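*Asks:* First the structure, which I've put down as structure tokens, then a few questions once you've had a look.
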Amino acid sequence: MKICKKCKQIKPLDDFVKNKSSVDGKHYYCYKCNRLIFKQKYKAHPRRIKDTSNLLNLTESDKAYMAGYFDGEGCIVIAEEKDKNGGIISYRLQLNVGSRDVTSIKWIHEKFGGRIHKNKIKGKDHYMFYWVANSLEGGEILSSFEKYLKLKKERAGYVKEFLSLGRGYHVEKKKIKIIISNLNRRKT
């Protein structure tokens with residue numbers, strides 16, 4: 001049992017986030033309070049919230065084109081992240097599309113938002129361009145063209161399930177591990 005520093009309630013150790021730097025291996029805030037603190041910090045820094053209003057102006061052909069492109073070249077990742085002490089774990093959704101054709105990547109960025117990354121191909125004079133969208137922004141973008149997906153429709157369903165669990169440190173790790181396992185399962 002441990003007392004949460006925020007709500008001052010005595011709770012079982014399972015109700016606390018892991019923290020390797022702490023003597024008992026647990027954070028001093030319970031999951032619930034940690035979530036509230038996270039939400040307050042997120043609201044205090046609105047610059048971190050991505051503007052997805054451009055998704056309202058997409059035509060059906062834009063959505064269908066993106067779905068086809070994403071079915072062929074896109075990737076859905078749920079990444080596990082640890083803090084600098086290796087203790088607190090959070091999970092982050094990432095959508096990405098890679099291509100040597102910068103024109104198509106710029107089109108995706110212009111229409112759907114996100115970011116563009118450029119990597120030099122090892123031993124060649126060519127570059128690979130990547131469009132990337134993270135977390136809630138990625139979820140909203142995926143939802144905008146999900147109905148047109150063919151090959152990755154089932155994986156998009158796992159993304160919805162992941163986002164419904166919430167964000168940050170409080171999420172149920174067992175459920176996320178199952179979702180990640182389903183995302184990584186290869187079809188035969």
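The values are calculated or read from the model by the stated rules, or taken from the named source; none is laboratory data. Note that the coordinates shown come from a computational prediction; the quantities given were computed from them, not determined experimentally. Backbone-built Cβ (ideal geometry, glycine too); neighbour counts: all protein chains shown.
*Asks:* Filter segment 135-188 down to residues that are under 20 Å from Leu55 (Cα atoms), modelled with pLDDT under 85 and small (Gly, Ala, Ser), then give me how many there are.
*Replies:* 1
Yes/no per residue for (1) closer than 18 Å to Lys63 by Cα; (2) part of a strand (DSSP E or B):
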site	(1), (2)
Tyr91	no, yes
Ser104	yes, no
Trp107	yes, no
Glu110	yes, no
Gly123	no, no
Phe129	no, yes
Ala133	yes, yes
Gly138	yes, no
Ile141	yes, no
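*Asks:* Filter segment 36-61 down to residues that are at pLDDT 75 or above and of a type in the set (A, V, I, L, M, F, W, C) and give me whichever is surrounded by the fewest Cβ atoms within 10 Å (Cβ to Cβ).
*Replies:* Leu56
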